[in-house]
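Notes for the one structure printed next.
The values are calculated or read from the model by the stated rules, or taken from the named source; none is laboratory data. Just so you know, these numbers come straight off a predicted model, no measurement behind them. FYI the Cβ positions are ideal-geometry reconstructions off the backbone, even for glycines, and counts take in every protein chain you see. Side chains included, ligands, DNA and RNA excluded: accessible areas come from the protein's heavy atoms. Shrake-Rupley method; radii C 1.70, N 1.55, O 1.52, S 1.80 Å.
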Amino acid sequence: MNDSAGRQDGPPQAPPATPPTGAHQATRVAERDDAPEHGPDGSRQASGRADHDGDAARAALLRVRTEVGKSIVGQDAAVTGLLIGLLADGHVLLEGVPGVAKTLLVRTLATALDLDTKRVQFTPDLMPGDITGSLIYESKTGEFTFREGPVFTNILLADEINRTPPKTQASLLEAMEERQVSVDGVSRRLPAPFIVAATQNPVEYEGTYPLPEAQLDRFLLKLTLPLPGRDDEIEVIRRHSVGFDPRDLGAAGVRAVAGAEDIDRARAAVARVAIAPEVLAYIVDVVRATRSSPSFQLGVSPRGATALLNTSRAWAWLSGRSFVTPDDVKALTLPALRHRVALRPEAQMDGVGVDDVLGGILGTVPVPR
């Protein structure tokens, strides 16, 4: 569906370290060459002291970024967001207009990881059993046997998830939350790791079924993919002009460079990332501010606070640090919370956006010093 081409010959280089605004002096960090250049909110982040126990796992994930760069250009923040989803064991919703490489991005990531992956094109006639699996009558034995659906995989690409009715959308709820599927009273565990990477189009509403709040809340992150800048778009066109085929990632040189063991080691390292009580309180204050904002009719639940904690930890580790700073929390606030809130009608009429309100909250909630 998407057909961007990319440019990335090596691990992204970190920008010069800058003092985090409003952060305690102890959280200032040194430069590190192998840290991601862009956070999932598109910001450029400084990085610092490495978690030595997770160096091998971090290096493997940075190689994944390099592989993704062979077919994707101009979406560094979304690549980082998907990696954070893997590290924090959460699902990711990608939103963008057609043609910005949403599907290709997930396909390339799956190719760069030695994991099982399946793609489901969500359509109006898709049934729940088409995703979860169903009982099939075997005439030879006279018994019913369970035939697994595509959800039994490591990475499920749910393409255009808002094009299928709510009944089919809801079939993913148990899988996303419990990592299992229940059919005919029997629960069956899904493989580990398991994440759903779903895509949706924000501008075409005819024939779509917007995801309900309960399902949106199951996604760890909502990433928005913008149109590429001029230089990036020139590179996309240049790659196509010399024969890049988005349907043949192998010809583009994309290969598997990390696997489930690397992800397990990385998750163990992320769990060791320290977070000070003051930063924990800062996360809670940001979340609670969404509930009292006059622009929101629905604020963020405690699940959202947990998501902000876990993703901030993952981003700190991926940046090469063993502790979380307030800047990490700020970097993840938009992707971790934007889909968990609802604007009041009057705010929508005034042209106020969710990201605008969340940005204002970040500007008013006191930062720990």
Query raised in the report: Carbon and sulfur atoms: what percent of the 1.4 Å accessible area of the chain do they account for?
Result: 51 percent
Requested in this report: Would you compute, from DSSP H runs of 4+ residues alone, the mean residue ellipticity of the chain at 222 nm, taking -39500 (n - 2.57) per run and dividing by the full residue count, rounded to the nearest 500?
Outcome: -11000 deg cm²/dmol
Report task. Please list the non-local residues whose amide H lies under 5 Å from the amide H of G96, H modeled 1.01 Å from N, same-chain partners needing a gap of 5 or more. Result -> Q200, L225
Query raised in the report: How big is Rg to Rh over region 156-239, alpha-carbon atoms, Rh as the Kirkwood inverse-mean-distance radius?
Result: 1.09
Report task. Considering only V236, V254, V352, give the residue with the highest GNM mean-square fluctuation for the chain, with springs between Cα atoms whenever their separation is below 10 Å. Result -> V352
Query raised in the report: Which semi-axis lengths, in whole Å and largest first, follow from the square roots of five times the eigenvalues of the Cα gyration tensor of the chain?
Result: 32, 26, 22
Report summary line: Once amide hydrogens are built 1.01 Å from N within the peptide plane, the residues lying 5 or more places from L343 or on another chain with amide H under 5 Å from its amide H are Q297
Query raised in the report: Quick one: what do you get for region 99-243 if you divide its Cα Rg by 2.2 N^0.38 Å?
Result: 1.22
Query raised in the report: For the chain, with only Lys/Arg (+1) and Asp/Glu (-1) charged at the beta-carbon, what is the dipole magnitude about the Cα centre, in debye rounded to 20?
Result: 560 debye
**Report entry** Spatially proximal lysines relative to K118 (Cα-Cα < 24 Å; intrachain offsets below 8 disregarded)
**Finding:** K70, K102, K167, K222
